[in-house]
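Trainee: Below you'll find the structure I mean.
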Ligand code: GLC
């Protein structure tokens, strides 16, 4: 009896103290960390372990006894995925979870507009908040090492600086809503082939100069609250249980105070998961056992086996408490954040944001004979050809796929905008079914013959092996006989505008014969409206490529060595191109490309005046200021992305011919001129020294190249670092 009374008394006291602390916290009298310590000290060992692994496909349990909320998370980077069944991938078939699909992240990167990235994150955070999700499983920021990677469309291109600058405002935008962004996949997840187990072999230079910088920016500048480990291995250890990446770099060197979440099924070993920096185990066995298998969550590596290992003293309480502190902090930042706004879903404002990003991300790659913008005074008949003119894409591609409230296809966008002004004739032209090829080609040639211009919507379509999670592309060329169809169309009508709908580069053997080409990405709910506004000239294109378009795949660095360089075998892949990824490779090796990194045209033109610099040498504490007058000397308002690349002219190690170190997007009225300024500091000149394992800069001559793309350099400035 006495024992019972004392338990009741202790519980009563703890509830009263807890209530007092809550009151204090609610009056912001105690800090988040004090609240964390308070909750930690009340938790039992079992409650601590329960916090570290999933309770369902997309949630973690919290601590019900103490009123600590569950954590709910969902994909994805482009919008709030539909509700799944508790313990399965399949749809819960709800009728209130159709969302807005924002453009894929390669499109966002192609805007080169950090403000749009912030708007993107803000809108996304509001949608996740409205759906009561505490963690948005994105952005993906893996570097595009090969155009064949199945998930390139989820990422921000081939350059670490551009990816860094564009992911930070997205993260901050999402987290403004009290929703955690979850930057992924940390790290070196640059292919889908053998993604679950391939061991990535890469130099420390390439790791620190190419593959880690965006994650570092997400932590340092983005203050990201969670990060997702990747499936692959590094140094023989799965990245979700990788001591060097998670403990040494992420938590100790970078001071990351958030939560490391495993990719779904990326956890393999209790000891490694416990001690090497994983905080929350998700999705283990998800693809190995039937859903709703009894007791499955007890079998997770950070569940009962972890409890046993703790009791046997095989793993440390210190690491468990670190996990719990991070998970409690994340919970107080999100689910239990009393200042969190309510959120909003499927709003006109969000749709506007989606369309603006689409419009600014579309890249005008080529525009001869002034085919664009469409001249509606003269055009009477327009042929719209291609399967991608009518295909909705937002629901494909794997875990980033969305059930959308609406998705305006390219054909619908054109019909909405041009219906009644011109005749629009549609022909599918091609399909994934070979047996239809002839019939479809004949129909396409028919509409082409009677039209003034052809708008060809081609590219990829997020089918398996056509840019989809879990598989890389089989080839660099366009699928389903598009090249042949284009060749036949050119014979009957040369006025072709090719719009490539994809997240990656594709081969364009007909590019010299086709007068106008646009890179149209996956644009989400507002696809057709964004495209129609660009094609008619209501919006002046200002996108720039975040990826290179090599003529052929063999020109690409990752494809210039042997199979072990890409895709490797089922054990290893070796990044033999090292630091020369993307334009760094083509530019340094002097390999011509179809369209280069940073390329994008406008319906107006810009001139770059003579640069003004404050000095032609800097030392470690100096800043080199460079200003360049940019003038719009065309007939209409437009935006130019002024890019600054650095080259070390005299170095003891291999350095790329160009590395993007700054850019500014400037809007100019016709005839207007503005001064665009850049600051160069020591950090912009550094490389990662493998001896000292530090970034360092060597004294000597450098060159700053300022241009409209990585190849279209308008001004060069030499200077010294002393
Ligand atoms: C997937 C993906 C990851 C996604 C997760 C949850 O396998 O790799 O990006 O967030 O599972 O769906």
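Trainee: Examine the range 411-424 for a residue that is assigned to a loop (DSSP other than H, G, I, E, B), more than 16 Å from the ligand (Cβ to nearest atom) and touching a strand residue (DSSP E or B) at 6+ places or on another chain (Cβ under 9 Å), and state whether such a residue exists.
Mentor: No, the conditions are met nowhere in the range 411-424.
Trainee: I would also like to ask the following. I'd like the full set of residues that are in contact with a helix residue (DSSP H, G or I) (Cβ under 7 Å, 6 or more places away or on another chain) and more than 13 Å from the ligand (Cβ to nearest atom), limited to the range 66-78.
Mentor: 66, 68, 69, 71
Trainee: Checking the condition closer than 30 Å to residue 666 by Cβ, more than 13 Å from the ligand (Cβ to nearest atom) and at pLDDT 95 or above, which residue from 147, 139 passes?
Mentor: None of the other options fit; the residue is 147.
Trainee: If you don't mind, there's one more thing I want to ask. Could you grab me the full set of residues in the range 605-624 that are over 32 Å from the mean Cα position of the chain (by Cα) and outside any strand (DSSP E or B)?
Mentor: Residues satisfying the conditions are 609, 610, 611, 614, 615, 616, 619, 620, 621, 622.
Trainee: Right, next: Of all strands (runs of 3 or more DSSP E) completely enclosed by the range 508-604, which ones contain at least 1 residues that are in contact with a strand residue (DSSP E or B) (Cβ under 8 Å, 6 or more places away or on another chain), touching a residue at least 60 places away in the same chain (Cβ under 8 Å) and under 25 Å from residue 655 (Cα atoms)?
Mentor: Correct list: 572-574, 593-595.
Trainee: Suppose the filter is touching a strand residue (DSSP E or B) at 6+ places or on another chain (Cβ under 9 Å), within 16 Å of the ligand (Cβ to nearest atom), in contact (Cβ under 8 Å) with a residue 12 or more places away in the chain and in a helix (DSSP H, G or I); does residue 170 pass it?
Mentor: yes
Trainee: Can you name the residue in the range 150-167 that is outside any helix (DSSP H, G or I) and more than 12 Å from the ligand (Cβ to nearest atom) and is also surrounded by the fewest Cβ atoms within 10 Å (Cβ to Cβ) among such residues?
Mentor: Selected residue: 157.
Trainee: Collect the residues in the range 86-112 that are surrounded by fewer than 24 Cβ atoms within 10 Å (Cβ to Cβ) and either within 26 Å of residue 504 (Cβ to Cβ) or within 16 Å of the ligand (Cβ to nearest atom) (or both), keeping them in residue-number order.
Mentor: Residues satisfying the conditions are 86, 87, 88, 89, 90, 91, 92, 97.
Trainee: Here's something else I'd like to know. I need the full set of residues from the range 173-190 which are away from the ligand (no atom under 16 Å from the Cβ) and either under 16 Å from residue 105 (Cα atoms) or at pLDDT below 95 (or both), in order please.
Mentor: Residue satisfying the conditions is 173 alone.
Trainee: Next up: For the range 389-399, which residues satisfy the criterion of being surrounded by 24 or more Cβ atoms within 10 Å (Cβ to Cβ) and either out of contact with any helix residue (DSSP H, G or I) (no Cβ under 7 Å at 6 or more places or on another chain) or in a strand (DSSP E or B) (or both)?
Mentor: 393
Trainee: Moving on. Which condition number in (1) within 16 Å of the ligand (Cβ to nearest atom); (2) in a helix (DSSP H, G or I); (3) farther than 21 Å from residue 73 by Cβ is the one that residue 194 fails?
Mentor: With respect to (1) within 16 Å of the ligand (Cβ to nearest atom); (2) in a helix (DSSP H, G or I); (3) farther than 21 Å from residue 73 by Cβ, residue 194 is out only on (2).
Trainee: On to the next question. Of the residues 431, 400, which single one is on the phi < 0 side of the Ramachandran plot, in the same structural domain as residue 482 (by TED's automatic domain parsing) and within 16 Å of the ligand (Cβ to nearest atom)?
Mentor: Step by step, each of 431, 400 is checked, and only 400 is on the phi < 0 side of the Ramachandran plot, in the same structural domain as residue 482 (by TED's automatic domain parsing) and within 16 Å of the ligand (Cβ to nearest atom).
Trainee: A further question on this structure: Go through the residues of the range 444-464 one by one and say whether even a single one is within 16 Å of the ligand (Cβ to nearest atom), under 20 Å from the mean Cα position of the chain (by Cα), surrounded by 22 or more Cβ atoms within 10 Å (Cβ to Cβ) and outside any loop (DSSP other than H, G, I, E, B).
Mentor: No, the range 444-464 contains no residue that is within 16 Å of the ligand (Cβ to nearest atom), under 20 Å from the mean Cα position of the chain (by Cα), surrounded by 22 or more Cβ atoms within 10 Å (Cβ to Cβ) and outside any loop (DSSP other than H, G, I, E, B).
Trainee: Taking only the range 549-580 into account, find how many residues are closer than 22 Å to residue 477 by Cβ and within 24 Å of the chain's Cα centre (by Cα).
Mentor: 11
Trainee: Just the residues that are surrounded by fewer than 22 Cβ atoms within 10 Å (Cβ to Cβ) and part of a strand (DSSP E or B), please, taken from the range 366-383.
Mentor: The answer is 366, 367, 381.
Trainee: Check residue 494 against each of (1) out of contact with any helix residue (DSSP H, G or I) (no Cβ under 9 Å at 6 or more places or on another chain); (2) free of Cβ contacts under 8 Å to residues at least 60 places away in the same chain; (3) not assigned by TED's automatic domain parsing to the domain that holds residue 365 and name the one condition it does not meet.
Mentor: (3)
Trainee: Which residues, counting only those in the range 51-84, are buried (at least 21 other Cβ atoms within 10 Å of the Cβ) and outside any loop (DSSP other than H, G, I, E, B)?
Mentor: Hits for the range 51-84 are 51, 53, 60, 63, 68, 71, 73, 74.
Trainee: Please find, among 706, 717, 711, the residue that is buried (at least 16 other Cβ atoms within 10 Å of the Cβ) and either assigned to a loop (DSSP other than H, G, I, E, B) or free of Cβ contacts under 8 Å to residues at least 12 places away in the same chain (or both).
Mentor: Criteria check complete, one pass: 711.
The values are calculated or read from the model by the stated rules, or taken from the named source; none is laboratory data. What you are looking at is a predicted structure, and each value in this text was computed from that prediction instead of being measured. As a convention, Cβ positions derive from the backbone with ideal geometry for all residues, glycine included, and neighbour counts pool all protein chains shown.
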